[in-house]
Each structure stands twice: as C-alpha cells, then as structure tokens.
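Below is one structure, written out as structure tokens; the observations come after it.
The values are calculated or read from the model by the stated rules, or taken from the named source; none is laboratory data. Note that this is a predicted model, so its numbers are computed, not measured. Cβ placement follows ideal geometry from the backbone for every residue including glycine, while neighbour counts extend to all protein chains displayed. In case anyone asks, the SASA skips ligands and DNA or RNA and just uses the protein heavy atoms, side chains included. Shrake-Rupley method; radii C 1.70, N 1.55, O 1.52, S 1.80 Å.
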Amino acid sequence: MEQELSNELFICGGCNAKIGPGVLGDLLSQFPKQENPNFLVGFDSSDDAAVFRIDDQTAMIQTLDFFPAMVADATLFGEIAAANALSDVFAMGGEVLTAMNIVCWPETKSTDTLGKILAGGFKKVQEAGGVLVGGHSIHDPQPKYGLSVLGRVHPDRIYRNDTCVPGDVLLLTKPLGTGIITTAYSAGEMPQEAFDAAVASMTTLNRYAAEVLKKHTVHSCTDITGFGLLGHLSEMVSNRCSATVYADSVPCLNGAYQGAKEFLITAGGQRNRNHLEADVDFQIEDYALEELLFDPQTSGGLLVSVPVEEAAALLAEIEALGLPCGIIGEVTEKGAKKITVVH
Amino acid sequence: MKKIDAVGQACPMPVILTKRALKESNGETLLISVDNEIATQNLAKMAEQLKLSVQAEKINDSLYEVKISDPNAGNEAHAAEHPVLPDQAADTEVPSGTSYVVVLNSDFIGNGSEELGRTLMKSFLFSLTEQDVLPEKVLCYNAGALLTTEGSAVLDDLKALEEDGVEVLTCGICGEFYGVKDKLAVGTFTNMYRIVEILRNAKTVSP
Amino acid sequence: MIDRKHYGIVAFPTSQAAAAAEAVVLEASRECRLIPMPEQISAGCGLVLQTHLDDLNAVLSLLSERSISNDGCYEVRFENRKKSVEEWHD
C-alpha cells in the first residue's frame, strides 16, 4: 500500500478529530430551543442525525461527517469516511437517498490522490443504495473528506438513540479498537493483519446490520463513533436509566487490546475518558480494557438495545454477517452511576 | 536526567518516545516536553501502570513538562524482579513476543481449490509440529471442527501437538452443527465467550 | 506411526511425482505420508515422502520397479525442537 497521504501520524484523523462532547454541548446549549412540530429529532438529544417530518409517511434524515485522514491509502480513506457518514442514516432506521462530497484539499497535492479518495467514497454511496449528487471542495493545507447525506425514514419507525428500556439487552455489531489500531499502525507499532482487520470493519456499511434489525423489535439504536462505546452508551441511557457492560464480552479487534496494554492510546480516547470518568464505575482491574471502551471509533458498529427475548435470535443473524459482534451488557433501572463495567 | 522533546507531536508519539527511552534508560529520570494537557494525562496513565512516579508541570499554555522516574532506581534486586516494561519480563517460558494461537476456521486453507486447501492444511499442521516455538492453543471453529473429529486426516498431528503441551479447542456450537459432537477425537470443546477471550488476548495465526 | 524424532524422506522433482510415489508405497501397504520439503534440502515449497527409516530400502526398490525416479533420500532427526537433515546412505 503506497503512502499517498502524508507520512505524518494520522493521530488526529478519523473520529479522533472530533471536538470533545462537553465542549460541543456547551456551545449548542446557548441557542434557544426551536419549536417546530416537524423537527422530530435534533441536536438537543445528541442523536446521530436530524430528522424532519415531511408528511405522515415520510421524514427526511439529514447528516454530515468529515475528517482528516486516519489511513495512508487514499481509496481506503474515501471508503471509510463515506461509510462513517452514511452510518448515521442506518443508525436511525432509514435508507440512504443522496450524498454530497465534502472535500478539503491542499493546492500543492496531486489531484490523482483526491480522485482515489472520491472513488472510494462513490463506491460506498452506491453500495448504500444512494446517489452521489454533488459536493463542495475548498483548498486547505490538511486533506479532509466526508459526506453530507440525505436519507428517508417512516416517522413512526425512527430508531432513536436514547429510548432504551431497563431490562433490555445491549448488542454491538462491530468490534472496538479502530482508533488504537490505525494510530499505532501509522507509528509502525501495529502488525499489518491487525490493521487490515480494522480496515475491513471500518469499510463495512452498517446497512446490513440495519436490515437485520428491521426484522426485530428495537428499542434504541446508535452508531459507535468518536465518543467511543462508553460515550455513545452514555448518550443512550442519558439520565433515564443505567447500564451494565460485560467487558469480557465486548468484541475487540485483534491487536487492539495489546496496543492498549502498550499504551498506544489516542488523545481522543483521553478526552472521552475526561468527559465520562465521573459517570462510569469500573469494577474491573484492567486498564487496557478501560482504554478500549473509551477508544474513539471510526465507522463503528451499531449499538442496539433490544428486549431480552429478541437478543439471541438477533445476535445469531448479526454474527452471520461475518464481523466480530456480541451481547455486551444490559440496561438497568437508573442507579448511582450511569454505567457500571464488570468482567 | 534524559530529556525528550515531544512538542508538536500528538499522542501516542510522546508515549512511544518515552517507552523507547525507558527501555534504554537504566533507571534514569526522564523529562518529556509536550504541548498539550492530554499528552500529560496519557503519559501519567502509562507511568502509573508501570509503577513509576510521575509529575506534570504546566510551563505555559503550549508547554508542559512531565518528569518520570523510577522510585526503585538503583535497587537492582527490585529491578530484576520487577522489570519496567511488560516485555522485559525475564521469567516467561516463551521468549517474549513469540507466544501465539493458531486459528483454524475451516478444514481447508486458502481460496481456490478446496482439494489443494486440504493438502495445505495437512502440510501446515505437520510443519506446526516441527516449529521451534509451539502455539499455546489451536482453536477450531466452523468447518475447522471437522479437523478434530474421529476420522480426520490430521488427527495424528493434532494429537502430537497436544502431547507437546498445545491446548486443542473446538467450538461446541460447530461440533453440534456438523453432527460430530460425540466424535471429538482430540482436545476439548469450548464456547464462544472463551474463544472471544482467547482471540482478544493472543497473537493469532490464521493460515 | 512414523517416528517424529527420526525418520526418512524421499525427495522428487515435483510434488505431483511425490504424490504418485505415495500412492505406490501405500498400495504396497507401507506407511508413508507427504510432508513439506525441509528447508535444508531446498528453499522452494514442495512435498516429499516421509517414511520409516528402516523402510527406505524397500521404498526405493518399489519406486524403481515402477520407474519413478527420485531426487535423493535423507535422514531427519528432530530433537529439542531442532531439525537436522543428512543425506541417507544404506
């Protein structure tokens, strides 16, 4: 694989580049609440995407995501960034309609490389069932790429990210560890196979898992990205319930645990830890496992909260899709801490 | 005192540079300069896990200094029993970094001809028996479960591995699926939780 | 069971020839199996025929009866996880 994108470390690439959740929340809270009955889901509930009702049958899903590179191969970067942006639509239970490219590109860099990024993005938009309808590019010293996506969902069948119910089982459809692995790999400290597996996971669309979900009862759903598993789980339980995480059952990419043990962790992970530490009770003595749970994911899987009777059947179908996945915990009545992590 | 300049480098570079310095330092105190608070926190986390003392100081908004020292520096007996970095441990049975687990997810290897793939599997397992470092475990699932079943062409090699201390594990669900649960001829059955745990923690070799 | 610590091998120009030899030897009810070519003989990836050390003479006769030529015979020792390979002489 050629180093098409910069030789510098891609530490601030991917969802590692997100501005911390606390900072964002504070900034957005200064705006007055907008009263519009058709504005169904928005940033006040920290959801994945915004949903706006058109009529009784149709609501539009609008979302966007873009970031600097987290891998050196241009085509893969395009695929991963696109898969990441498209994911929000699937996480809300919708289908992808259209996408537009968001591009920041240095004047001095070869446009052939940009062409490969766009080709990667195009491939994923098509695979998602959508149409690439345009885009916007500006010059910028640091390359960035992503998509603005428009989707559609039935207003009564929206998956919200904060509607889990005590007694529910929590399922994760992709393994954790992409932040640690891509960062360590770019520093030459992660084996090729671990990196390849992380890439395979990141370029997998959440479309397939979402299609499986449609056949089951789902109480809540979100995708795991920059705030890590604990960050997104914290949004899911919000201040209505609590959750217990079975750390040993959380699917992880090979090499990620070892990477965490060797302290190859990211700044994004530490930001997540700073933001969430007070809300999490770790009842495990495993620092590396803690880091994995804070590790910012790029194009991560879906975290789904389902009634206990659905769990086994749903897990079997998700397993059949081929990526490491698992039942990672349960939702409980609101307790002293938002999240308790046990073995 | 050894100085490390990690200003302008984002995590985990400060950690990587510090780890390398620790390997070469022989108990010398390290002073690492970074330009953000998060880096000081990540360095502190590493130091605490390694049982080293750490002190972080903010010099100004874009400069922080982190001092890492070994409270047991100069105490050689202590150092011998408590090597600073996990991979310096002297008392592991296997030379550090070489332990591994073999994962067999089918009864043939590779894509293309299954017949060739079965020949390759036999070659692979025979070669495995002659390695200077044997795997800790061999994990068999999906059609790999057929390898540990009565009548399998590779039983002799798997048994030889077992005799030499390798744990041979077969996924129980897979044994059931292929109808061979009562014909396990080498090793034991295990469940997916244990398989995930093993895969998470080990360096895996998947031919 | 062929002794893993001390055994004979017959090498052939191609893996296919080795496979043909295996069929002939098995037909004559002598134990043998195809194993990877040891690096000490050749760096390429091929298959050789493993046999009991004391069977080598008989195996060579069988093969010459069927006009299957070989690329040499070797004696292999595997002790303390280290392998040594020497040319075999009767």
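Just to be sure before I move on: is B:Lys23 farther than 21 Å from A:Met190 by Cα and either more than 10 Å from chain A (Cβ to nearest Cβ) or part of a loop (DSSP other than H, G, I, E, B) (or both) in the structure I sent?
Criteria not met by B:Lys23.
Taking helices (runs of 4 or more DSSP H) that fall entirely within the stretch A:134-234, which contain at least 3 residues that are open to solvent by 40 Å² or more (accessible area, probe 1.4 Å), more than 14 Å from chain B (Cβ to nearest Cβ) and at negative phi?
In the stretch A:134-234, the matching helices (runs of 4 or more DSSP H) lie at A:207-213.
For C:Val85, state whether it is within 27 Å of B:Val133 (Cα to Cα), of a type in the set (A, V, I, L, M) and surrounded by fewer than 17 Cβ atoms within 10 Å (Cβ to Cβ).
When the stated conditions are applied, C:Val85 passes them.
Results for (1) open to solvent by less than 60 Å² (accessible area, probe 1.4 Å); (2) within 14 Å of another protein chain (Cβ to nearest Cβ), shown as yes or no for each residue.
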site: A:Asn274; (1), (2): no, yes
site: A:Phe282; (1), (2): yes, yes
site: A:Leu292; (1), (2): yes, yes
site: A:Leu303; (1), (2): yes, no
site: A:Pro307; (1), (2): yes, no
site: A:Ala312; (1), (2): no, yes
site: A:Ala316; (1), (2): yes, yes
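Just checking, how many residues over the stretch C:41-90 are farther than 21 Å from B:Asp157 by Cβ, touching a residue at least 12 places away in the same chain (Cβ under 8 Å) and of a type in the set (A, V, I, L, M)?
Within the stretch C:41-90, residues that are farther than 21 Å from B:Asp157 by Cβ, touching a residue at least 12 places away in the same chain (Cβ under 8 Å) and of a type in the set (A, V, I, L, M) number 7.
Tell me whether the stretch C:68-76 contains one or more residues that are within 11 Å of chain B (Cβ to nearest Cβ), part of a strand (DSSP E or B) and surrounded by 11 or more Cβ atoms within 10 Å (Cβ to Cβ).
yes
Could you tell me which of the residues B:Leu31, B:Leu43, B:Leu63 is at pLDDT 85 or above, more than 10 Å from chain A (Cβ to nearest Cβ) and open to solvent by less than 30 Å² (accessible area, probe 1.4 Å)?
Only one candidate passes the filter, namely B:Leu31.
When residues of the stretch C:29-56 are filtered for being loosely packed, with under 13 Cβ neighbours inside 10 Å and of a type outside the set (D, E, K, R), how many remain?
6
Residue pairs, Cβ under 7 Å, 6 or more apart or interchain, first in the stretch A:24-48 and at pLDDT 75 or above, second assigned to a loop (DSSP other than H, G, I, E, B). List them.
That search, which allows pairs on different chains as well, returns A:Leu40/A:Ile158; A:Val41/A:Asp47; A:Val41/A:Ile158; A:Val41/A:Arg160.
Against the condition assigned to a loop (DSSP other than H, G, I, E, B) and either modelled with pLDDT of 95 or more or surrounded by 24 or more Cβ atoms within 10 Å (Cβ to Cβ) (or both), how does A:Val96 come out, does it pass?
no
Filter the stretch A:261-287 for residues that are modelled with pLDDT under 90 and among the hydrophobic types (A, V, I, L, M, F, W, C); which is farthest from the chain's Cα centre (by Cα)?
Within the stretch A:261-287, the match that is farthest from the chain's Cα centre (by Cα) is A:Ile284.
Going through the stretch B:170-207 one residue at a time, which ones are open to solvent by 40 Å² or more (accessible area, probe 1.4 Å), among the basic types (Lys, Arg) and within 14 Å of chain A (Cβ to nearest Cβ)?
The answer is B:Arg194, B:Lys203.
Looking at the stretch A:46-63 only, could you name the residues that are touching an Asp or Glu at 6+ places or on another chain (Cβ under 6 Å) and either of a type in the set (Lys, Arg) or open to solvent by less than 40 Å² (accessible area, probe 1.4 Å) (or both)?
A:Asp48, A:Ala49, A:Thr63
Among the residues of the stretch C:13-41, which ones are of a type in the set (S, T, N, Q) and outside any loop (DSSP other than H, G, I, E, B)?
C:Ser15, C:Gln16
Under the condition of being open to solvent by 10 Å² or more (accessible area, probe 1.4 Å), in contact with a strand residue (DSSP E or B) (Cβ under 7 Å, 6 or more places away or on another chain) and modelled with pLDDT of 90 or more, which residue from the stretch A:64-87 is nearest to A:Phe39 (Cα to Cα)?
Filtering first and then ranking leaves A:Leu64.
Cβ contacts < 6 Å: first residue in contact (Cβ under 8 Å) with a residue 24 or more places away in the chain, restricted to the stretch B:192-207; second residue part of a helix (DSSP H, G or I) and open to solvent by 30 Å² or more (accessible area, probe 1.4 Å), any location; separation 6+ or different chain. Result?
Listed pairs, sorted by first residue: B:Pro207/B:Phe124.
Would it be correct to say that C:Lys5 is open to solvent by 90 Å² or more (accessible area, probe 1.4 Å), within 12 Å of chain B (Cβ to nearest Cβ) and in contact (Cβ under 8 Å) with a residue 40 or more places away in the chain?
Yes.
Out of curiosity, is C:Val25 at the interface with another protein chain (Cβ under 10 Å from one of its Cβ atoms) and at pLDDT 90 or above?
no
Being of a type outside the set (Lys, Arg), at pLDDT 90 or above and surrounded by 24 or more Cβ atoms within 10 Å (Cβ to Cβ) is true for just one of A:Ala247, A:Ala256. Which residue is that?
A:Ala256
Give me the residue from the stretch B:123-152 that is open to solvent by 60 Å² or more (accessible area, probe 1.4 Å) and within 14 Å of chain C (Cβ to nearest Cβ) and, out of that set, farthest from B:Asp182 (Cα to Cα).
B:Asp132
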